[in-house]
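Data block below; observations after.
The values are calculated or read from the model by the stated rules, or taken from the named source; none is laboratory data. Please read these numbers as outputs of a predicted model, since none were measured by experiment. Reconstructed Cβ throughout: ideal geometry from the backbone, glycine too, with neighbour counts over all protein chains shown. Calculation scope for accessible area: heavy atoms of the full protein, side chains included, ligands and nucleic acids excluded. Shrake-Rupley method; radii C 1.70, N 1.55, O 1.52, S 1.80 Å.
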Amino acid sequence: MTTQSQIPTPAEVAPTVKKPAVVPDVTGAQSLVLSLEAAGVEVVFGLPGGAILPAYDPLLDSTKLRHILVRHEQGAGHAAEGYASATGKVGVCMATSGPGATNLVTAIADAYMDSVPLVAITGQVNSKTIGTDAFQEADIRGITMPITKHSYLVTEAGDIPTAIQQAFHIASTGRPGPVLVDVTKDAMTGKTAFEWPAEVGLPGYRPVTRPHHKQIRAAAKLIREAKRPVFYLGGGIVRSGATEELRELVDLAGIPLVTTLMARGVVPDSHPLHLGMPGMHGSVSAVTALQKSDLLIAIGTRFDDRVTGHLPSFAPGAKVIHADIDPAEISKNRVADVPIVGDAKAVIADLISALRSDRDAGRAGDFSEWQQRTHGWTETYPLGYSPAEDATAIPPQYVIERIGALTGPEAVYAAGVGQHQMWAAQFVQYERPNAWLNSGGLGTMGYSVPAAMGAKVGEPDRTVWAIDGDGCFQMTNQELATCMINKIPIKVAIINNSSLGMVRQWQTLFYNERYSNTDLHTSAAGSRIPDFVKLAEAYGCVGLRCDKTEDVDATIAKALEINDVPVVIDFVVERDAMVWPMVPAGVSNDLVTTARAMTPVWDRDDDAEGDR
């Protein structure tokens with residue numbers, strides 16, 4: 001099992017294999033397979049078709065590549081994402097031209113939004129027929145240009161190794177992300193000699209990884225002068241593999257912290273300075289600390305609208321230190337007083353040195369009073385949930401809380417999108433990075449099952465849960481067949497409220513309880529469409545159902561005992577449960593509500609101290 005300290009960064013798992021020998025007289029397809037082997041690829045998720053078919057023939061002979069045949073190309077993309085997010089390696093997916101390639105688009109966009117290192121390989125029609133509306137032709141390079149770091153259209157067999165090598169380098173360095181390699185059919189059938197390039201020839205691609213020392217000194221000065229600083233920590237720290245360095249920085253500085261949806265686990269939830277997750281459904285303590293802070297130390301985060309709410313009113317009295325490896329993110333939404341371009345691990349290491357020098361010189365800030373105040377908010381407004389109005393109904397939060405408690409922090413939890421995603425972020429305790437996988441930026445329904453599948457392939461010794469909604473599950477549940485055939489024993493918890501839950505919550509709060517097209521008809525006994533237990537059994541999986549609170553623990557325990565086939569549990573839960581706290585879209589975070597029409601009342605002394 002991979003421990004926290006062993007999880008590699010994408011750059012660390014970039015191709016480091018010994019340069020293979022030149023192989024004369026091969027087809028482009030053989031060269032493609034040899035290139036993937038040379039890049040250190042172990043797993044490819046894909047589905048063959050006409051234009052990519054030449055590559056699938058030599059793939060059959062490879063002893064280094066494991067190909068997993070999915071049931072839908074979107075599943076291949078999300079599986080590659082899950083594999084990458086759980087391991088830190090580059091995920092690889094493959095599809096044919098036309099509809100095969102376009103079915104990858106959602107997963108590519110998802111990887112782009114969440115900075116997931118991904119290489120998508122697609123077949124393309126013959127180069128001479130490009131632009132003629134040939135059968136299964138689609139300009140996938142043009143389609144995906146806004147949602148990839150880079151893309152290639154390869155029309156010559158001899159260009160394949162260079163394109164693959166560069167694709168993996170670009171995907172795994174700087175700000176990670178997806179790269180597309182589109183290979184024409186005649187490039188794959190053409191003859192060439194395979195030769196892996198001696199070095200990556202990308203003279204125009206030089207990501208800045210080391211921060212400027214002047215900016216580090218300026219950041220340290222702001223930290224010294226601050227009275228109410230907050231570490232605002234994002235998913236870039238997870239991608240950088242900087243967890244251990246971050247823990248040292250937090251302990252050294254003594255500054256309260258929040259972790260975004262994408263950064264859950266980057267600092268253990270049990271850490272005494274951890275205030276929770278900020279944003280639309282963040283904890284009251286996290287949201288309030290940001291609002292009342294006088295300094296935000298933002299590392300690897302992008303001031304997303306789901307965190308800031310109404311941007312002009314976000315943290316109005318705070319100066320900003322913003323560190324990110326992508327210079328385009330700095331000052332994009334909130335102007336930074338101290339901008340720092342660099343890799344999160346390098347930035348954090350330099351901040352440690354600067355703060356340690358300040359401490360040794362007797363200049364370190366004392367934030368004990370601020371710690372007490374933020375801790376007080378955590379104590380006063382803890383995360384929780386109300387009992388179901390129907391005493392016989394299972395609170396969905398309780399189900400997810402018990403899954404986390406009984407499974408433990410070494411597991412991987414992959415969530416779909418919606419209410420269950422927010423509850424999984426809130427009520428599972430995350431103690432390590434790479435344990436929490438979700439579609440944060442794009443919000444892709446259908447992400448969970450294939451992402452869990454990919455994570456289990458990458459981390460076979462860990463328990464992997466797909467925490468899904470009854471709506472999300474129906475978008476990609478066909479990948480249970482992939483799991484069954486390939487012996488990938490994930491566990492799926494369907495939080496079944498018979499609704500598109502988050503949409504229904506908004507209809508309750510903002511549309512006068514007019515429930516337009518959100519009823520899924522999945523939970524009523526005798527008329528379940530579909531019956532998830534029967535569906536699971538049809539795929540050869542173990543299907544379980546739980547509709548009583550007192551049976552939740554026993555059902556989870558039974559699922560945890562089964563490790564040879566996938567398990568699907570239909571948890572029939574309370575329909576009208578809502579995600580709280582909540583900041584409605586487009587309003588100030590000052591209006592965070594802890595329940596319907598309930599807003600915290602702050603001590604007037606807070607405002608008297610000049611917090612606003």
Candidate cut points under trypsin sites (Lys or Arg not before Pro) in the range 162-249, DSSP loop plus at most 16 other Cβ atoms within 10 Å of their own Cβ, are Lys227
Please list, by residue number, everything in the range 311-352 whose backbone N is under 12 Å from a paramagnetic label point 7 Å out along Cα→Cβ of Val208. 323-331, 339-343
Label-point separation in nm, Lys221 to Ala405, each point 7 Å along Cα→Cβ: 5.1 nm
Reachable aspartates and glutamates from Lys214, criterion Cα separation under 14 angstrom, eight or more residues apart if same chain: Asp337, Asp350
Tell me the GluC sites (Glu not before Pro) within the range 346-421 that lie in a loop according to DSSP and have at most 10 other beta-carbon atoms within 10 Å. Glu389
What percent antiparallel are the DSSP beta bridges of the chain, to the nearest 5? 10 percent
To make sure I understand the rule: partners must be lysines, Cα under 21 Å from the Cα of Lys292, and not fewer than 8 residues away in the same chain. Which ones qualify? Lys221, Lys227, Lys319
Quick one: Cα centre-to-centre distance for the range 318-388 and the range 394-430, in angstrom? 26 Å
The range 520-565 - Rg over Rh from alpha carbon coordinates, Kirkwood radius: 1.01
Take the alpha-carbon centre of the range 120-143, take the same for the range 227-243, and report the distance between them in whole Å. 41 Å
Residue-ordered couplings for the range 91-100, obtained by feeding phi - 60° into the Karplus form 6.51 cos²θ - 1.76 cosθ + 1.60 and rounding to whole Hz (Gly and Pro as x), are x, 10, 10, 9, 8, 8, 6, x, x, x
Simple SL model, points at 7 angstrom along Cα→Cβ for Val335 and Ser527; separation in nm is 5.9 nm
On the principal axes of its Cα set, how long, how wide and how thick is the chain? Give whole Å, largest value first. 79, 68, 44
With an 8 Å cut-off on Cα pairs and a minimum separation of 6 or more residues, tell me the relative contact order of the chain in percent. 14 percent
By the gyration tensor of its Cα atoms, with a ≥ b ≥ c the square roots of the eigenvalues, what is the shape of the range 261-307: rounded for a/c under 1.5, prolate for a/b over b/c, or oblate? rounded
Cα gyration tensor category, rounded, prolate or oblate, for the range 422-494 with a/c compared to 1.5: oblate
Note: Ile562 to Glu379 extended length (0.36 nm per residue) minus current alpha-carbon separation gives 62.1 nm
Dimensionless Rg over Rh [the range 485-543; C-alpha; Kirkwood]: 1.12
Loop GluC sites (Glu not before Pro), the range 496-552, which have at most 13 other Cβ atoms in a 10 Å radius of their Cβ (DSSP): Glu513
Tell me the Rg and the Dmax, in Å, that the Cα atoms of the range 355-497 produce. 19.3, 63
Can you figure out the FRET efficiency of Asp133 with Leu311, using R₀ = 41 Å and their beta-carbon distance, to the nearest 0.05? 0.40
Long-range amide H partners of Ile68, meaning residues 5 or more apart or on another chain whose placed amide H is closer than 5 Å, are Val44, Phe45, Gly46
In nm, give the distance between the simple-model label positions of Glu199 and Gln372, each being 7 Å from the Cα along the Cα-to-Cβ direction. 5.9 nm
From DSSP H assignment alone, runs of 4+ in the chain each adding -39500 (n - 2.57), the sum over residues rounded to the nearest 500 puts [θ] at 222 nm at -10000 deg cm²/dmol
If you plug each phi of the range 268-278 into the Karplus form 6.51 cos²θ - 1.76 cosθ + 1.60 with θ = phi - 60°, what whole-Hz ³J(HN,Hα) values come out, in order, with x for Gly and Pro? x, 4, 7, 5, x, 8, 7, 9, x, 9, x
Under 17 Å from the Cα of Lys456, which lysines turn up, not counting those fewer than eight places away in the same chain? Lys89, Lys487, Lys491
Using a ≥ b ≥ c from the Cα gyration tensor of the range 202-317 (square roots of the eigenvalues), is it rounded, prolate or oblate, where a/c under 1.5 gives rounded and otherwise the larger of a/b and b/c decides, a/b for prolate? rounded
In sequence order, what are the phi-derived ³J(HN,Hα) couplings for the range 357-373 according to the Karplus relation 6.51 cos²θ - 1.76 cosθ + 1.60 with θ = phi - 60°, rounded to whole Hz, with x for glycine and proline? 4, 4, 5, 5, 8, x, 10, 5, x, 10, 10, 4, 5, 5, 4, 5, 5
Using 1/(1 + (r/R0)^6) with R0 = 51 angstrom and r between the beta carbons of Asp461 and Asn512, what's the FRET efficiency to the nearest 0.05? 0.50
Whenever you get a sec, compute what percent of the accessible area on the chain sits on carbon and sulfur atoms (1.4 Å probe). 52 percent
Name the residues whose placed amide hydrogens come within less than 5 Å of the amide hydrogen of Ile467, ignoring near sequence neighbours (fewer than 5 apart) on the same chain. Ala414, Ala415, Gly416, Ala493
